[in-house]
Amino acid sequence: MDHLKTLIREVPDFPKPGINFYDITTLLKDPGGLHAIIDALARHYSGKGVRTVAGIEARGFIFAPALAYALNAGFVPIRKPKKLPAATERVEYALEYGTDSVEIHIDAVEPGQKVLIVDDVLATGGTASAAAKLVEKLGGVVAGLGFVIELDFLSGRNKLAAYDVDSLLHYAS
């Protein structure tokens with residue numbers, strides 16, 4: 001999978017000085033790269049009983065529906081507050097300075113249903129951990145968390161130690 005790193009544009013000092021941003025838009029426009037990402041995530045979670053793939057706003061929405069299709073599962077969005085039109089469940093999580101939260105429709109997951117959570121990047125793990133808690137609050141079972149990129153130096157995987165985490169591309173710094 002490391003050959004896919006050549007398809008990812010690195011943008012220094014974005015969104016602020018000292019941050020190296022891994023831009024996946026260059027990967028997405030490459031048909032072979034996009035296929036490789038979806039196929040690899042699908043291989044890892046195939047046969048694990050996934051009934052729903054939950055995509056975390058916003059870039060998780062790019063991969064989750066395609067992965068749901070590949071796994072013959074449904075798709076549900078996990079969104080920022082006040083973006084979903086019906087009744088929701090919410091989980092708040094800590095940021096470096098302050099808090100944020102994510103929401104899901106209360107009828108998005110059935111008790112006992114296996115849910116795969118997908119996003120583009122695993123950084124500190126806060127959003128992904130909150131998404132897992134949302135699924136569990138609704139009675140769902142987290143079948144795993146899939147990511148295209150993992151920023152290993154931020155140790156986000158530590159917050160997800162109880163789950164099957166699959167990250168395709170790793171960056172050490």
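A few notes on this one:
- Taking other residues whose beta carbon is less than 11 angstrom from the beta carbon of Leu134, and scoring Lys, Arg as +1 and Asp, Glu as -1, yields 0.
- Calculated from backbone phi, Karplus (6.51, -1.76, 1.60) coupling profile of the stretch 86-96 in Hz, x at Gly/Pro: 9, 4, 10, 10, 10, 10, 9, 9, 7, 10, 4
- Computed over the stretch 1-116: relative contact order in percent, which uses C-alpha pairs under 8 Å that are six or more apart: 19 percent
- Value at 222 nm in deg cm²/dmol, rounded to 500, when DSSP H runs of n ≥ 4 in the chain each add -39,500 (n - 2.57): -7000 deg cm²/dmol
- Built amide H within the under 5 Å cut-off of Val165, gap 5+: Leu145
- Inter-centroid distance (Cα atoms) of the stretch 103-151 relative to the stretch 1-27, Å: 24 Å
- Long-range HN-HN contacts of Leu122 with modeled amide H, under 5 Å: Ile149, Glu150, Leu151
- Packing order of peptides 154-167, 81-94, 46-59, 5-18, highest average first: 46-59, 154-167, 81-94, 5-18 (average count of other Cβ atoms within 10 Å over each peptide's residues).
- Extension gain, Tyr163-Lys48: 0.36 nm per intervening residue step, less the Cα-Cα distance, totals 40.1 nm.
- Close amide H partners of Gly74, meaning residues 5 or more places away or on another chain with modelled amide H under 5 Å apart, are Thr52, Val53.
- Summary of packing: across the peptides 97-107, 132-142, the per-residue average of other C-beta atoms within 10 Å ranks them, highest first, as 132-142, 97-107.
- Rg over Rh for the stretch 27-173 works out to 0.94, both radii taken from alpha-carbon positions and Rh defined as the Kirkwood radius.
All of the numbers you see were taken from the coordinates with simple rules; none came from a lab. Not measured: the values here are computed from a predicted model. Neighbour counts are summed over all protein chains in view; Cβ atoms, including those assigned to glycine, are modelled from backbone coordinates with ideal geometry.
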